[in-house]
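Structure incoming, see below.
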Amino acid sequence: MAIDPVPPIALAARLATPLPTGRSIVAALIDADGSHKHPFSHRLASPHVPVRDLADAIHALCMLHGRQPGILDHALARNRQPGIQGWLEVSLDGFATERALLAKLASAAGPLPSTPGQAESESAVVGQRHALDMLAQSDRTGCAIGAAIALVIDWAAMRRVLDVSAHRFGFTPPAYALPLPEETDTIVAAAAEAPAVERAMAFGVQQVLAQHRGLWDLLEARASARDRA
């Protein structure tokens, strides 16, 4: 099953928390809840992680973000804010490189490592993918762009895992082509044209980060199950 969305009450409390001067709620949410904070993402990026754990992560990321259309495709198709159109186009082009890298890594990694509860795990990731698709196609102005921003900024943690995997499998990964966080900060300011839009953006960010945390939790549980077996 998919990871439960962040409760509206919890999101409202986070939105009401005073922020440091010059910080957006979007940046604060990613700083607090991004994938860089999850211990298993650090384990996967270490040089001595078992190859089976890397292979498992690669296949899961392929299921979640390797297919089209994805979050960025949907956000670009639904965008009505001219000021962020260029950022979305650059992000979509950059993510094409990431998808190609995922496909190459999946081929190099071979089949999924044998893990107890495989069917349940696949169902969970399919549910996450569906939740992200629904989020990116929301009619609420700001929700889809918030999801896109969260994916682009949070992908840096995934890319560290992909870079480690590429070197373990004997090839050099391509240059990172997604916009850098400081470039995206200006887009957050441009997109948050009204308080209601910023709240919708924050909601989109929260939900993407929740699904990513759920993925790391799942991968960590699967690694523990393999270790026990």
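The values are calculated or read from the model by the stated rules, or taken from the named source; none is laboratory data. Owing to the predicted nature of the structure, the values given are computational and were not obtained by experimental measurement. So basically every Cβ, Gly included, is an ideal-geometry build from the backbone, and we count neighbours across all protein chains shown. The protein model used for the area step is the full one, side chains on, heavy atoms only, and it has no ligands, DNA or RNA in it. Shrake-Rupley method; radii C 1.70, N 1.55, O 1.52, S 1.80 Å.
Note down the net charge around A100, summing +1 for each Lys or Arg and -1 for each Asp or Glu among other residues with Cβ under 14 Å from its Cβ.
That works out to +2.
Over all distinct Cα pairs, what is the inverse of the mean 1/r for the chain, reported as the Kirkwood hydrodynamic radius in Å?
It is 17.9 Å.
Let me ask something additional. What number comes out for accessible area per residue over the stretch 134-229 if the probe is 1.4 Å? Units Å², please. Don't jump to the answer; show the numbers that get you there.
Working: 3770 Å² over 96 residues.
Using a 1.4 Å probe on heavy atoms only, each residue of the stretch 134-229 averages 39 Å².
By the scheme Lys and Arg +1, Asp and Glu -1, what is the net charge of all other residues having a beta-carbon under 11 Å from that of D56?
+1
Now a separate question. Report the charge-dipole magnitude of the stretch 119-229 in Debye, nearest 20, computed about the Cα centre from +1 at each Lys and Arg Cβ and -1 at each Asp and Glu Cβ.
380
Which helices, taking whole DSSP H runs in the chain, have alpha carbons extending 24 angstrom or more along the helix axis plus mean Kyte-Doolittle at least 0.0?
Helices meeting the criterion: 85-109, 143-168.
Moving on. Let me have the relative contact order for the chain, percent, based on Cα pairs under 8 Å that are six or more residues apart.
Across the chain, relative contact order equals 37 percent.
Among the GluC sites (Glu not before Pro) in the stretch 155-195, which ones are in a DSSP loop with at most 15 other Cβ atoms within 10 Å of the Cβ? Mind listing them?
Working: sites: E182, E183, E193; in loops: E193.
Loop-located and lightly packed - E193.
Could you state the accessible area per residue of the stretch 89-128 in Å², with a 1.4 Å probe and every protein chain left in place?
Per residue, the stretch 89-128 has 47 Å² of solvent-accessible surface.
Say R0 is 41 Å: what FRET efficiency, to the nearest 0.05, do F171 and Q137 get from their beta-carbon distance? Numbers along the way, then the final one.
Working: r = 35 Å, r/R0 = 0.86.
E between F171 and Q137, to the nearest 0.05, is 0.70.
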